[in-house]
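Okay, so here's the structure we're looking at.
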Amino acid sequence: MQEKESYQYEEIVKKLDLEDFIRSFTSFFSRIKPIHLQGDKSSLVSFIKDLENIVFSPPPKTKKLDISILHLKKFGTLKLEEIFEFIKIIRYFSYLKSLSSITEDMFIYKYLQNINIPQEIKYLMEVFDCEAQIKSGIYDELDSLILSISRQKTQISKILGEILQSNKLVPYLVDRQIHYINGNETLLLKSGFNSAIKGIIISRSQSGFFYLLPSEIHNIHQKISEFEEKLQICLYNICKELSAILRKHILFLSFIDREFDKFDHLQARINFAKAYNLEFVTHKTTDKTIILKGFSHPALSHPKPIDIEFKNQLLMVTGVNAGGKTMLLKSILSSVFLAKHLLPMKINAYASRIPNFKNIFAIIADPQNSKNDISTFAGRMLHFSQILNTQDLIIGVDEIELGTDADEASSLYKVLLEHLLDKNAKIIITTHHKRLAALMASDSRIQMCAAIFDENAQVPTYGFLHGSIGKSYAFETAKRYGIPTNLIIEAKKIYGEDKEKLNELIEKSATLEIELSKKTSILDMKIEEYDKKKQEQQEIIETLKRQYAKQKFELDNIYNQALNEIKSAIKAKESSEMHRSMNNANKIIQAIRQTLPSEQFKNKKEFRPGDHIRYGVQDGIVLGKTGKNNEFLLVELDSGIKLKISPDKLKHISKAISNNQLPHKPRSVSKTKKQKIDFSIDKNTKNSVNVSLDLHGLRSEEAIEKLDKFLSDALIAGFDEVLIYHGIGTGKLSFSVKEFLSSHPKVISFCDAPIEMGGFGAKLVRL
């Protein structure tokens, strides 16, 4: 099954011109393997995102461990280099677990925490050095044998030096070099050397001289051979011991081998993407819409990026010859193939969406083959017969009309394509069949696309016009590739004026589509610019709101500071101290008025005496202006209350609206008093208003009338809190005051005064 799947993806890779791209990618593997990656895609995507954010070294080149694991299961003994392949993998996972850049919130951290290396395996990691050799100091016998061999080799060098310095041998030496013959150290001597040195003749030179292995060196080589034989026995015993340890943990070794393959797949993808500046398309999609933004096919050296939104089931690409139709088909299928295997590509990944398809099929090359005794059309029918009932399929068919009569092919392919559409297949086809395009153009499942030809430059633009049927430009293409003009003119005559007019209509339609597309693009830019300006205005409004809130907060603080001055004066109950605090509060308010920019008093609403206004839910009339700079208005509400208020808080209304909406008469204070409560706003009014009122000894009606006038004066004076003394007594006066305050429209709240200010015998009123 795996071989069949491997064959299928290798075949599609070849058809889509991805061979060099895949070959370049596989060079990043630690060990050779197929490119398909098994496992849950969402967890693999999380793995990739984590690896993109950490710096790590790629794993070392390793060999496949399947055969080694099989030998261990069969109680075999592995060689040192085979054991070291396991050690390399385990060491690499230990390295990953030690990386400080992998934090606890990462998916890879949880993954590595599940890999627990047994203690005995950790011991094996300490046995080997980086060159697959056993470290010294672990096995004494091994160290002794290695040392003995080293000493014997040193002895060879020493003896050879002494022989070369011998005076007896000098007359027989051809040169003073050491000649290695079959791994033996020999001297090149002249004949007659027997009297000077004993040894074994290994060979003779072309000049007739002798290659002599001295007897002392020969004896040492025999000793080295004995030591090496013992060394091999020692190494075999060590390998047997280490293999027994590995055999105990055969399940762990199988697990770590699989996980290393998985990590190797992921690290290769990450390093490949970084090396070639590629991106992963990992967005989850809920439908089969393919959106490509800035995709470039890997096989093209100077590609024009493709932007396409393939929403419908079938994309029919028509238009100019050599205009990029086949490459568009290959690009769409390539993007689906690469995304399916989590391979990076040159694309705007953020704006692109590529769904997953279980089966990817391409009918591109000419299937005609004399060896298989099959024609072009028969080969295509064979391909179609294999996929007619395939589920979850995306298929690309290049030059669908190839190999048979055009009219018959149009009818046949219409039926075949509709059958695949009924199976919910996703299809891309390129064609020059105007009949096939016309037959299927009315189907809502079909999306048209035309390759664009530049009439002025007489070359294809390699761009595409969506929603249009394109002209083939066969005559123009033939001329561009060297066909004589007179032959092309003759061909046009044979082609017929009617068909040429049809082509002209198609051409004009395409031109209009291009112009419409340009205008749409300009409108989109203007809409985007408008949205941008609207956003900027919204940001300005938000900024002004924040500034207003900040200023309001500062003014509230100043107001509270002034109010605290008044409260402290009330607590002091001394006239001089109270006036001093009032002056301080007035200074604070005047200071902030001076600091406010003069623009605040510009653009204010203009009111004249007699204008009808609305304050909150109440209507009234303007009596006049007041304040040092006439910045306040004196108004009389329909309820009979007169207020000094800022114009910003008032609205103009017509007299008719005022009379219709608020027909109520001004409230009278008592039955005996017919006229409205009036307040004179002269210079001494504000100074004469006190912040407290004493109602001791008054009857309820008198107290209420006096309280009503006091509250109106306090409102005109701009007080926000006042103190009402009513005493305790029988409680009747206290009850009347409480009832009146509860019904007064300008009383925000009231409560019993603090103990030092009268306690239950007084009310602290907030206006």
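The values are calculated or read from the model by the stated rules, or taken from the named source; none is laboratory data. Being a predicted model, the structure only gives us computed values, none of them experimental. Cβ sites come from the backbone with ideal geometry, for glycine too, and all protein chains shown count toward neighbours.
What the table shows:
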| item | result |
| --- | --- |
| Residue selected from segment 721-736 under the condition touching an Asp or Glu at 6+ places or on another chain (Cβ under 9 Å) and part of a strand (DSSP E or B), by the criterion surrounded by the fewest Cβ atoms within 10 Å (Cβ to Cβ) | 725 |
| Residue check for residue 710: under 60 Å from the mean Cα position of the chain (by Cα), surrounded by 13 or more Cβ atoms within 10 Å (Cβ to Cβ) and at pLDDT 85 or above | no |
| Which listed residue, of 552, 526, 532, 573, is modelled with pLDDT under 65 and either within 42 Å of the chain's Cα centre (by Cα) or on the phi > 0 side of the Ramachandran plot (or both) | 573 |
| Subset of segment 394-404 that is over 10 Å from residue 377 (Cα atoms) and of a type in the set (D, E, K, R) - its residue that is modelled with the lowest pLDDT | 399 |
| Matching residues, segment 336-351, being in contact with a Gly (Cβ under 7 Å, 6 or more places away or on another chain) and either assigned by TED's automatic domain parsing to the domain that holds residue 42 or under 19 Å from residue 275 (Cβ atoms) (or both) | 347 |
| Residue match in segment 89-98 (condition: surrounded by fewer than 12 Cβ atoms within 10 Å (Cβ to Cβ) and either among the aliphatic types (A, V, I, L, M) or over 24 Å from residue 26 (Cβ atoms) (or both)) | yes |
| Test for residue 345: is it at pLDDT 90 or above and of a type in the set (A, V, I, L, M, F, W, C) | yes |
| Segment 384-417: number of residues that are surrounded by fewer than 15 Cβ atoms within 10 Å (Cβ to Cβ) and in a helix (DSSP H, G or I) | 7 |
| Selection count where residues are modelled with pLDDT under 90 and farther than 15 Å from residue 329 by Cβ, scope segment 287-303 | 4 |
| Odd one out for residue 136 among (1) surrounded by 11 or more Cβ atoms within 10 Å (Cβ to Cβ); (2) over 30 Å from residue 239 (Cβ atoms) | (2) |
| Qualifying residue in segment 61-79 (condition: closer than 17 Å to residue 276 by Cα and in contact (Cβ under 8 Å) with a residue 12 or more places away in the chain) | no |
| Subset of segment 737-760 that is in a loop (DSSP other than H, G, I, E, B) and either charged (D, E, K, R) or more than 60 Å from the chain's Cα centre (by Cα) (or both) - its residue that is modelled with the lowest pLDDT | 758 |
| The one condition in (1) at pLDDT 75 or above; (2) closer than 23 Å to residue 327 by Cβ that residue 385 fails to fulfil | (2) |
| Sole exception among (1) over 27 Å from residue 39 (Cα atoms); (2) at pLDDT below 90; (3) in contact with a helix residue (DSSP H, G or I) (Cβ under 7 Å, 6 or more places away or on another chain) for residue 313, by number | (2) |
| The one condition in (1) in contact with a Ser or Thr (Cβ under 8 Å, 6 or more places away or on another chain); (2) crowded, with 18+ Cβ neighbours inside 10 Å; (3) closer than 16 Å to residue 44 by Cα that residue 280 fails to fulfil | (1) |
| Selection count, segment 624-641, where residues are in a loop (DSSP other than H, G, I, E, B) and over 14 Å from residue 608 (Cβ atoms) | 8 |
| Hits in segment 748-767 - residues which are surrounded by 12 or more Cβ atoms within 10 Å (Cβ to Cβ), touching a strand residue (DSSP E or B) at 6+ places or on another chain (Cβ under 6 Å) and either aliphatic (A, V, I, L, M) or touching a residue at least 60 places away in the same chain (Cβ under 8 Å) (or both) | 753, 762, 764, 765 |
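Residue-wise test of (1) without any contact (Cβ under 8 Å) to a residue 24 or more places away in the chain; (2) among the acidic types (Asp, Glu); (3) assigned to a helix (DSSP H, G or I).
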site	(1), (2), (3)
14	yes, no, yes
39	no, no, no
83	no, no, yes
103	yes, no, no
